[in-house]
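Worksheet: the structure to be examined is printed underneath.
The values are calculated or read from the model by the stated rules, or taken from the named source; none is laboratory data. Bear in mind that the values here come from a model prediction, so they are computed numbers and not experimental data. No Cβ is skipped: glycine too gets one built from the backbone with ideal geometry, and neighbour counts run over all protein chains shown.
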Amino acid sequence: MTELGFNVSYALSARSICRHCRKYIDKKALRIGQSIPNHYDEDNRGWDNLIYYYHAVCMFKKFDQDKPKDMKIKSPDDISYGFDNLKQEDKKTILELINDANVKWDNLFRQFRCLCAKLSDEDTGAGKTAIVSDFLKKGNAGTGFKGDVYLLMKFLLPGVVKTVYNLNDKDLIKLFSQIFGTNLKAMEEDLEQGDVSETVRVCFDKSKTVTPLKKSALTLQEADDLLTSLSQVTKESEQCKMLTKIVARCTSNDLMMVVRFITHDLGINAKAKYILRGLHPDAYEAFQVSQNLKDVVERVQSNTLHHMPGMEKKEKTDKKTGHDHSKSDGAKQGSSGSSDSVDVGVSKKKTPVKRPTEG
Ligand SMILES: [Zn+2]
């Protein structure tokens, strides 16, 4: 019995049809097969699994439409057989498709939401540092975060890289009531429960004029572009137009997180130092020196954090003590105290709102 999963091969004939684009796969063309349970085997007679074939590119297009939990090829190890027998150029094609997909998946806003949910559930600062560190070490594929680290950190630190939106809770409610076609008074009453992002989420779900997307496809880049545009307008009509654009790209959970970002409170109750130390044990100290998040991220990535003016001393001290930063444990580092003048996402809400992370 063929095991469930993926294989790669060259089409033996021109008779198989790509299950994504519905076109024939040329003879000898590179194809990806996916073994799935045989749904014709209604009486459980142990029939062999079905294999659906796809053009290589089409397979990855299908992954984008699949649910987050569905099986995907995130590394060559996820291909059960056939990869080693491919021509060099086709191996390269597959590896590029995998890499491009991982970059895309790591840049999904949805991933950031899941990370925030985890951070919100963790009580200790050191634990939060470990979660961020682990997220960057693994990424969705387990082989390292391939997305835009600067944007991820920027989204995690809305109180630090502060963008001014000229929108308070009341403004937001007023604008969203127009966009959702929801009674303003009803939204204001809901807001009395204290969480504007939750009010917006609930009313988005109930809206009769706009429908939340069922599946989140928003990326960090797209969210950043939309939010930057929002920050550049001040007239109510323009803000309404920009928020309408944002709404059109969001699930209700996406929009809730976007609102939290606008109000500079992610509800993750994490000080900036714990988030930054997840990036690098010395990233918080470096940020205090330069106040430039982009520069800090770039220096961490190019391993030049200690070349930053004001950070050289730290390296010398460390050399004496033989402390190796590249191997230091984020969690341990996170617990060591130092001044924490910069706070981020410190929730004013007493009870964190539990929310689904799917969708
Ligand atoms: Zn196809």
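Would you point out which residue out of Gln239, Gln221 is at pLDDT 95 or above, part of a helix (DSSP H, G or I) and over 19 Å from Phe112 (Cβ atoms)?
Working: Gln221 fails: over 19 Å from Phe112 (Cβ atoms).
After ruling out the rest, the residue left standing is Gln239.
Of all residues in the stretch 150-207, count the ones that are within 30 Å of Phe287 (Cβ to Cβ) and in a helix (DSSP H, G or I).
Of the residues in the stretch 150-207, the ones within 30 Å of Phe287 (Cβ to Cβ) are 150-169, 172, 195-197.
Still in the list and also in a helix (DSSP H, G or I): 150-156, 169, 172, 196-197.
Of the residues in the stretch 150-207, 11 are within 30 Å of Phe287 (Cβ to Cβ) and in a helix (DSSP H, G or I).
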task = Please specify each residue of the stretch 72-92 satisfying the condition of being surrounded by fewer than 15 Cβ atoms within 10 Å (Cβ to Cβ) and either within 16 Å of the ligand (Cβ to nearest atom) or not in a helix (DSSP H, G or I) (or both).
result = Ser75, Tyr81, Lys87
message = Looking at Lys208 and the list (1) at pLDDT 95 or above; (2) surrounded by fewer than 22 Cβ atoms within 10 Å (Cβ to Cβ), which single condition is not satisfied?
response = (1)
request  = For Asp121, work out the one condition from (1) in contact with a Pro (Cβ under 9 Å, 6 or more places away or on another chain); (2) surrounded by 17 or more Cβ atoms within 10 Å (Cβ to Cβ); (3) more than 19 Å from Glu3 (Cβ to Cβ) it doesn't fulfil.
outcome  = (2)
remark   = The lone condition Asn102 fails out of (1) in a helix (DSSP H, G or I); (2) buried (at least 21 other Cβ atoms within 10 Å of the Cβ); (3) touching a helix residue (DSSP H, G or I) at 6+ places or on another chain (Cβ under 8 Å) is (3)
request  = Could you grab the pairs with beta carbons closer than 7 Å, sequence gap of 6+ or different chains, first residue in the stretch 146-174 and closer than 14 Å to Val296 by Cα, second one in a loop (DSSP other than H, G, I, E, B)?
outcome  = Asp148/Asn107; Lys154/Val161; Leu157/Val344; Val160/Val342; Val160/Val344
